[in-house]
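Structure record follows, encoded as C-alpha cells.
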Amino acid sequence: MTVELLFDAKAALGEGPVWDARTQTLYWLDILNKRVYANAEVLIELDEFVGCLASCKSGGLILTKRFSFWTFEPDSAQLTFLSALENEPSNNRFNDGKCDPRGRFLAGTMDMGEKDPNGSLYSFDGRSVTRLLSGITISNGLTWSPDHKTFYYIDTPTREVKAFDYDLKTGAIASPRVAVRVPESLGWPDGMTSDMQGNLWIAMWGGAQVTKWDPHTGQLLERIPVPAKNVSSCVFGGKDLNELYITSARVGLDEATLNQYPLTGGVFRLETNVEGVPAFEFTG
C-alpha cells in the first residue's frame, strides 16, 4: 500500500478530516489558520481557532470554534451559534471530535501549552453539553467499534488508546481500560479511525506514518509510511469507503525537517484492502 499526495496544502495544522458520503466531499481543517476546507478549496476562514467538524443529517456542517459549537452552511457561508462551554480554562481550545453512531457530537479540549491536564471530553446532542472525561492534556483521536458498543479515545501524552463500554442509547461511557500502548519510537498517537474488521488506524505525530492496531490484543498490525513528519489524523472515505484520507501539519518543524519532508502539511490518500467505519452525521 502506497500513500499518494492529494492536496499540497502546506497546512500549519491540517486536522479533522471528515468524509461526506452524500456529496463525496472531503472536509478538513487547518486549525491554526482557522480555515475549513472542502477538498482543496477554502470554505471559510474563521475569527477563532476551529477544532473539529462533522456533517449534519439536515445538511451543512457542525463545527467547534474556541469554546463553542456552531452550524455552518457552505452554500450561504452562514454560521449559527448553538452552545458554548462553561468554566473551560482560558488557555484551552477545542481539538479533535466526531459524531457517534446516534448523531451526538463528541469533542474534546486541550491545553494550548500542551502541558496541563485541564482539558475535557464533551458530548453535545444539540440541546445540552455533557462532560464525559476530565483531566485530559491533549484530547485527540476517537472512534467506535463496528458494533458501536466500544468507544476508543486518545489523550496523546499518555501514548495510550483507552477503550470504554459505550451506551448508544444514553451516550454514557464506562469501564475504561487500555487497548493499545504506543511505543515512543513510533511517534505520538494523534487522530484515529476504525475499519469494519474492528482494527484501529492511528496517525502518528512526529512519526511520519499511520499505524494499524488490533485493539483486542494491543498488537501492531501494520506501519504505513507517510511523506510528512507530523501526521495528524485519518478517515475512511471514497465510493467504497476503502480509501484512507490523511492530514498532516508543518507547525513546530525546523527548516531541515521540512527539507526532508517537503510535503508535510499536505493531505494524502491511501487505497486500502478494507472497508472503513463511516463518518456519522450530527442529528441534533
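No value in this document is a laboratory result; all are computed from the given coordinates. No experiment lies behind these values; they were computed from the predicted model shown. Cβ atoms come from the backbone with ideal geometry, glycine included; neighbour counts cover every protein chain shown.
Take the Cβ-Cβ distance between ASP165 and GLN24 as r, set R0 to 51 Å, and report the resulting FRET efficiency rounded to the nearest 0.05. Walk me through the intermediate numbers first.
On the way: r = 34 Å, r/R0 = 0.66.
Calculated transfer efficiency: 0.90.
Could you compute the net charge surrounding PRO89? Neighbours are other residues with a C-beta less than 15 Å from the C-beta of PRO89; K and R count +1, D and E count -1. Each step should come with its number before you reach the end.
On the way: positive: ARG66, ARG93, LYS115, ARG131; negative: GLU86, GLU88, ASP111, GLU114, ASP116.
Net of charged neighbours comes to -1.
Could you give the length gained by full extension between LEU258 and SER185, i.e. 0.36 nm per residue of separation minus their alpha carbon distance, to one decimal place?
Numbers: separation 73, 0.36 × 73 = 26.28 nm, distance 1.99 nm.
Between LEU258 and SER185, full extension yields an extra 24.3 nm.
Hey, what number do you get for the chain at 222 nm if only DSSP H runs of n ≥ 4 count, each worth -39500 (n - 2.57), divided across all residues, to the nearest 500?
On the way: 1 runs with 6 residues, N = 284.
Mean residue ellipticity, 222 nm, calculated: -500 deg cm²/dmol.
Rounded if a/c is under 1.5, else prolate if a/b beats b/c, else oblate: with a ≥ b ≥ c from the C-alpha gyration tensor eigenvalues square-rooted, which is the stretch 67-216?
Values: a/c = 1.57, a/b = 1.30, b/c = 1.21.
In terms of gyration-tensor shape, prolate.
With springs only between Cα atoms under 10 Å, which of ALA203, ALA11, ALA40 fluctuates most in a Gaussian network model of the chain?
Result: ALA40 has the largest fluctuation of those listed.
Cut-off under 25 Å on the C-alpha distance; same-chain residues fewer than 8 positions from LYS149 excluded. Which lysines are left, in chain and number order?
LYS57, LYS98, LYS162, LYS169, LYS212
If you average the C-alpha positions of the stretch 85-108 and of the stretch 19-57 separately, how far apart do those two centres end up, in angstrom?
Rounded to whole Å, the Cα centres lie 16 Å apart.
What FRET efficiency, computed as 1/(1 + (r/R0)^6) with R0 = 35 Å and r the Cβ-Cβ distance, is obtained for GLN78 and GLU4, rounded to the nearest 0.05? Mind dumping the intermediate values first?
Details: r = 35 Å, r/R0 = 1.00.
Efficiency at R0 = 35 Å is approximately 0.50.
Which three extents, in whole angstrom, do the alpha-carbon atoms of the stretch 125-197 cover along their principal axes, largest first?
41, 30, 21
Give the aspartates and glutamates whose C-alpha is closer than 15 Å to that of LYS10, dropping any in the same chain fewer than 8 places away, or say none.
Here the aspartates and glutamates satisfying the reach criterion relative to LYS10 are ASP30, GLU41, ASP254, GLU255.
Take the Cβ-Cβ distance between VAL42 and ASP214 as r, set R0 to 35 Å, and report the resulting FRET efficiency rounded to the nearest 0.05.
0.40
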